[in-house]
């Protein structure tokens, strides 16, 4: 249709202009700060998990616990503002990849593949945005416990018509994310997020090793979060609906729990090191 062509051209121009914004060097520089913060948060989660393995009952081994640890340091508020701004910039920078791939949605032959790539990219951006927003809430003094909020939301959802099915669907999705993360660790697909040509060859084996360990540990932990949420949906016992800290606590409660939790803690610390390497040599490739 001839009348549709000018509109399509205008959309293309708008997308290209937006793409230039998300490719701006200043945004990339701030996004690197976000990647550094992402790595540091995982290092802190690993450290908190070690404290939990040693018997501490006042430790939240998750993102909120890591942010609380940051808040308790000298200059913690400034650090939280920096983390929040960096993570939000990282979300925008990562989400900008959709502007590169969206044309494929107009091509029937590549539409499904493009939709999967865009979904991955937006999922990453959403995770970064949530972490960034949480850091800003902490900077404003509005702290909360992620596990408590998850239990509240689960309980409220279960009371709705069809709420059980919704909780089970979310649980299945979390398990799927955990499995996907585990597979990325086993296959090494995460290395596509590193700009390997700019990284020294001698560092590549180390980056891949810590990345594999980190992704496998995260995959196991998040898979367990999904399993616990599924249990909450099937039993209507919201006490089992927990986030990452609850999964860590569940690991610590088994026979060899302290050793297993120590291994998971090491995995999260390894992921933190990988994230720092990615901050040094970033690549937004969402096709991995």
Problem - The one condition in (1) under 28 Å from residue 40 (Cβ atoms); (2) part of a helix (DSSP H, G or I) that residue 143 fails to fulfil - result: (2)
Exercise for the section: Test residue 93 against the stated conditions and say whether it is crowded, with 20+ Cβ neighbours inside 10 Å and more than 22 Å from residue 149 (Cβ to Cβ). Expected result: yes
Exercise for the section: State all residues of region 189-213 that are at pLDDT 90 or above, farther than 15 Å from residue 35 by Cα and under 18 Å from the mean Cα position of the chain (by Cα); if no residue qualifies, say none. Expected result: 210, 212, 213
Practice task
Can you confirm whether region 180-189 contains a residue that is under 30 Å from residue 237 (Cα atoms), surrounded by fewer than 13 Cβ atoms within 10 Å (Cβ to Cβ) and in contact with a helix residue (DSSP H, G or I) (Cβ under 9 Å, 6 or more places away or on another chain)?
Solution key: no
Exercise for the section: State whether the residues of region 250-259 include one that is crowded, with 17+ Cβ neighbours inside 10 Å and under 19 Å from the mean Cα position of the chain (by Cα). Expected result: no
Exercise for the section: Could you list, in sequence order, all residues of region 225-274 that are at pLDDT 80 or above and within 20 Å of residue 158 (Cα to Cα)? Expected result: 225, 226, 227, 228, 229, 230, 231, 232, 233, 234, 235
Fill in the blank from the handout: Those residues of region 112-151 which are free of Cβ contacts under 8 Å to residues at least 40 places away in the same chain and more than 24 Å from residue 184 (Cβ to Cβ) amount to 137, 140, 141, 142, 148, 149
Completion exercise
Considering only helices (runs of 4 or more DSSP H) wholly within region 47-122, the ones with at least 2 residues that are modelled with pLDDT of 80 or more are 63-71, 76-95
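The values are calculated or read from the model by the stated rules, or taken from the named source; none is laboratory data. Every value quoted in this text rests on a predicted model; they were computed, and no experiment measured them. Heads up, the Cβs are rebuilt from the backbone with ideal geometry, glycines too, and the neighbour counts pull from every protein chain shown.
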